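Just below is one structure, and these are the notes that go with it.
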Amino acid sequence: MQGWIGCIGPDASSALERPTGFDRLEGPHSVVAATGAGKHGATLSRMPDGQLRAEIGDFPSSGSSAEISRDGTGVTLTCDPFGQHSVYTAHQGGRFWFASDFDTLRLLARIPLSVRADALHGYLCFSYVPTPTTLAEGIDRLPAGGRLALRLSRNESDVVRHEHVWDRRQPMLEDPEAAVCSLREKLQTVVARLAFERQDIGVYLSGGLDSSLVAAILAEMGTRIHLFALDFGAPHDVELPFARRVADHLNRPLHVVPAGPSEIERALFLTAEAMEQPFGDGVTVPLYLMGKAASDYTDVVFNGEFGDQLFGGWANKPMIAAELYGGPDFSRENAYMATFHRFHGQAKTLYTPEFLRAAEQIDAVQWVRPALAVQNKSDLLSALRIANLLLKGAQNIGPRARQLAAAYCLKACSPFCDVDLAQWTFSCPPDWLLRGACEKHLLKRAAEPYLPAEIVWREKRGMGAPTTEWCLGGLKRTVGRILHPKRLKRDGWFRPEAVLELCAGRDRTADFRSRRLGEKIWALLMLHVWLDVHTGIGGG
Amino acid sequence: MKCIHCSTDNNYKDRNSGSRSKCKQCHHPFAFEPKTDALQMSDTMFERAIKDVSANDTLSFTSKQLWYELNRRLLTRKTLSCGAPAAVLLGVALLHCLPHFAVALIALPCILMAAAAPKKRKMTGPQLPKLPYDKFESTYLQKWVMAHGKIARLLPAVSSSKAAIADALPPGASFPSAQGAHPEAASYSFDRALVVDHAETAAMLVANHFHFENNCAILSLDGYPYGATPTIMTMLARNPSLQVFALHDACIEGCSMARQLRSADWFPNPFIRIIDLGMRPAHILKSNLIALRNAPRRFPVGTTSASITAEEIAWLEAGGAAELDTLRPHKLMRAVYQGFAKYGQAAQGEIDDDGVVIVDSGPSIWVYDSGADVYAADSFG
């Protein structure tokens, strides 16, 4: 575990006893502790003005911190705008607790775990637990880019999100050729900074543009890179030939990581253990397997995460189609909810009457509304990109990448998660990013000198894990055991017959793509595995 | 007959005790009286058809799709097996022949039950509808709506929704284009276009979010989406690698549709691929879908495609036809999605003289379901 934890309030020092392996600093009515120092770990310091400070990561693009006031009555918490690092908070025993890691907070603050209905409903809509909730009653999470200032003496708290980071900037750039050159320079600078003086660097290669470009920039810098790609087995290994093509182009060997049903099954519980909150995407376990493979060669892995969110990737296109065909009753929020493809709108089929009653009190759209509403004045693509950055990026992709890498003491470096770079993209006219039907056009132009045209300009395919084939095939027995009707009945959230129908390959909502079925089963599976591992309440 | 509202079983006397046929328990009226109806239609059968065509009330459908669904049920309705009399004879013979009376006593009811159990008729090859569409619309659908109210997922006829939009407009105004859309949306494009022959089909696909799932413009030869069509066509022109998919009925006009899309009004640019997804007679001839029989007529001169077989031409010219509505929405969308994916995978396919690509000239995407998705361009957000 790498991270920090702190507490302010009466007898804080005795409330947070020195945990094994933690360094610790004390102040009046306050204490802060950190562990993992030396290898991407957290640091503690007493500032010249007497404040205590704990932090982890590389600010401002990746990290979280806590600053306790000199008199111990106030604390300021911050986390990065890409959600790579988290801050969890809780009021317990008359004290205020805060930590960079969920389990550390729960265990050291002795918070009994009971599942929050709203967070559970949120997870089922999005496949991640939306901020500011966590799955545990009594524990909250700071939104990405958030800053919380709390004065315990006045019992006041104030959460401010750094919205300005993603504001569309004026004036807009005018010369596209200059922008392409500028983007290349910016990417080189970010990659060089992240790779500073490291010789052995791993790169997760999907075969797509973003990770290939990162690998190519690293290779050009003369870094010794180790390339890793997933093999889902035929016929699902459609991306592997492109990853091989990139490796050949860069003249580097490619480590192919098998991700068939047997490998997935073996890593299922270990992956859930590595996650602070459940993430229900099919790519989660394969990413864990890549981390395991990479840890034999390096302690730093680069990825292409956030390229889509930052540069106007494919996911914006359905939203544009929805705008045009939406008619007078069109709701952008509802259309955005549909892009998650999980259980939103299907509560009546899946939930038990008791859980349904609780879920009906919750408006799931509340979790996307602020992200989409903030930019109403702005252009459409910027609004969608901001929503993608704040929701799909900062609440799912960012934390997931960091947590899964940390399971093998790897530092995850995402060059596209850079505050300056992100701000700069909002000064680009939207049609430089999405040109006609060509997504990420500007990034493709910038990538041209680095990669073969067939990689740069090929149609988006993405890293799709064959969850339907896993759940209905090789993992069928495991799925049946973990989602056993007796356990579902005991937990009381889901109708066992509805889950059985799904697991038998029958989706009552009749999605015409069978992959949607696997995505739903997988989301349920990961939720229950996570509960088994983190709380022991499950019977899997 | 069971009441669809309270599940109470009502015999003929129960439900016809008053002036109007209704449930003895909840007093909800019945739409149909199977004892006197020529097709023995019941409320339960109609309700089951609605549930199946709408995939348990999750998909919108056209009235024709519901009509085909009812016909499918009428054509495959369970019947008392004709093996029953034969089984009785066999049983009697057993009684005489078997030395052990007890064995015969056990065997006889089993044989009788197995032989007399109702059997679902199997459809072999394309069938003709049993209930005419006009009768369905004027009698059965009306009776259902009168007894049970509007069908939630049944789409209004496109002509009437077009009229509804027109009514809402100020006098002299034309149809609105892409109403409610952010103006910037029109400055982008689509990955592909799906052109269908009838507005009803297009409206059904849009109502079921097919455009959203596939980043696909949906248009129809007869004008859908009306006022937004010029905007959509301008957007499509921005994509130099546009793929245009033609989706049509298996009829003479349908089989000429892909060629029609090469005209100046549609996509004359020869670099734009036009892909014929079907349906074609080949998809129907080996299936058990419901087809139609029209008056025989000849293909207009010069409209036959080189890729269409002599057998297909003969079937069409003999009056054979099949509408896309013969498929449930779920089945139709899955077939089109698999057609997209197959084209993306092969990136070629058979190309005929007009530069039209034929995807899967066999019936596989229409009739059989492979179960697994073919990986295609997709959202992983």
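Values for this structure:
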{"read-out": "Number of the condition not met by B:Thr231 [criteria: (1) within 13 Å of chain A (Cβ to nearest Cβ); (2) crowded, with 22+ Cβ neighbours inside 10 Å]", "value": "(2)"}
{"read-out": "Verdict on A:Leu142 being crowded, with 21+ Cβ neighbours inside 10 Å, over 25 Å from A:Glu519 (Cα atoms) and either touching a strand residue (DSSP E or B) at 6+ places or on another chain (Cβ under 9 Å) or at pLDDT below 95 (or both)", "value": "yes"}
{"read-out": "Residue match in segment A:466-482 (condition: open to solvent by 40 Å² or more (accessible area, probe 1.4 Å), without any contact (Cβ under 8 Å) to a residue 60 or more places away in the chain and closer than 30 Å to B:His182 by Cβ)", "value": "no"}
{"read-out": "Test: residue in segment A:117-131 that is without any contact (Cβ under 8 Å) to a residue 60 or more places away in the chain and open to solvent by 10 Å² or more (accessible area, probe 1.4 Å)", "value": "no"}
{"read-out": "Test result for A:Gln395, in contact with an Asp or Glu (Cβ under 8 Å, 6 or more places away or on another chain), closer than 21 Å to A:Gln277 by Cα, open to solvent by less than 30 Å² (accessible area, probe 1.4 Å) and in a helix (DSSP H, G or I)", "value": "no"}
{"read-out": "Any hit, segment A:411-421, residues being polar (S, T, N, Q), touching a strand residue (DSSP E or B) at 6+ places or on another chain (Cβ under 9 Å), at negative phi and more than 14 Å from chain B (Cβ to nearest Cβ)", "value": "yes"}
{"read-out": "Whichever residue in segment B:255-282 is of a type in the set (A, V, I, L, M, F, W, C) and in a loop (DSSP other than H, G, I, E, B) and, among such residues, is surrounded by the fewest Cβ atoms within 10 Å (Cβ to Cβ)", "value": "B:Ala264"}
{"read-out": "Failed item, numbered, when A:Asp296 is tested on (1) more than 14 Å from chain B (Cβ to nearest Cβ); (2) in contact (Cβ under 8 Å) with a residue 24 or more places away in the chain", "value": "(2)"}
{"read-out": "Counted residues, segment A:430-455 - those being touching a Leu at 6+ places or on another chain (Cβ under 7 Å) and within 14 Å of another protein chain (Cβ to nearest Cβ)", "value": "7"}
{"read-out": "Flag for A:His255 being open to solvent by 20 Å² or more (accessible area, probe 1.4 Å) and in contact with a strand residue (DSSP E or B) (Cβ under 7 Å, 6 or more places away or on another chain)", "value": "yes"}
{"read-out": "Meets criteria (in contact with a Gly (Cβ under 8 Å, 6 or more places away or on another chain) and surrounded by fewer than 24 Cβ atoms within 10 Å (Cβ to Cβ)) for A:Glu273", "value": "no"}
{"read-out": "Residue that is most open to solvent (accessible area, probe 1.4 Å) [pool: residues in segment B:41-66 that are away from every other protein chain (no Cβ under 14 Å) and charged (D, E, K, R)]", "value": "B:Arg48"}
{"read-out": "Residues located in segment B:192-223, provided they are within 13 Å of another protein chain (Cβ to nearest Cβ), touching a Lys or Arg at 6+ places or on another chain (Cβ under 9 Å) and open to solvent by 20 Å² or more (accessible area, probe 1.4 Å)", "value": "B:Ala207, B:Glu213"}
{"read-out": "Residue match in segment A:68-83 (condition: more than 15 Å from the chain's Cα centre (by Cα), closer than 19 Å to A:Ala136 by Cβ and basic (Lys, Arg))", "value": "no"}
{"read-out": "Output for segment A:220-231, where each listed residue is touching a strand residue (DSSP E or B) at 6+ places or on another chain (Cβ under 9 Å) and either among the acidic types (Asp, Glu) or open to solvent by less than 80 Å² (accessible area, probe 1.4 Å) (or both)", "value": "A:Thr223, A:Ile225, A:His226, A:Leu227, A:Phe228, A:Ala229, A:Leu230, A:Asp231"}
{"read-out": "Test: residue in segment A:310-329 that is within 13 Å of chain B (Cβ to nearest Cβ), charged (D, E, K, R), part of a helix (DSSP H, G or I) and open to solvent by less than 10 Å² (accessible area, probe 1.4 Å)", "value": "yes"}
{"read-out": "Qualifying residues in segment A:468-517 (those that are in contact with a Pro (Cβ under 6 Å, 6 or more places away or on another chain) and in a helix (DSSP H, G or I)) - the one farthest from the other protein chains (Cβ to nearest Cβ)", "value": "A:Lys489"}
{"read-out": "Residues (within 12 Å of chain B (Cβ to nearest Cβ), assigned to a helix (DSSP H, G or I) and open to solvent by 20 Å² or more (accessible area, probe 1.4 Å)) located in segment A:330-353", "value": "A:Arg332, A:Asn334, A:Ala338, A:Lys348, A:Thr349"}
{"read-out": "Residue in segment B:296-313 that is under 30 Å from B:Ser189 (Cβ atoms) and among the aliphatic types (A, V, I, L, M) present", "value": "no"}
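The values are calculated or read from the model by the stated rules, or taken from the named source; none is laboratory data. Just so we're clear, the structure is a prediction, and the values are computed from it rather than from any experiment. Here Cβ is always computed from backbone atoms with ideal geometry, including for glycine, and neighbour counts include all displayed protein chains. Quick note on the areas: whole protein, heavy atoms, side chains included, nothing else; ligands and nucleic acids left out. Shrake-Rupley method; radii C 1.70, N 1.55, O 1.52, S 1.80 Å.
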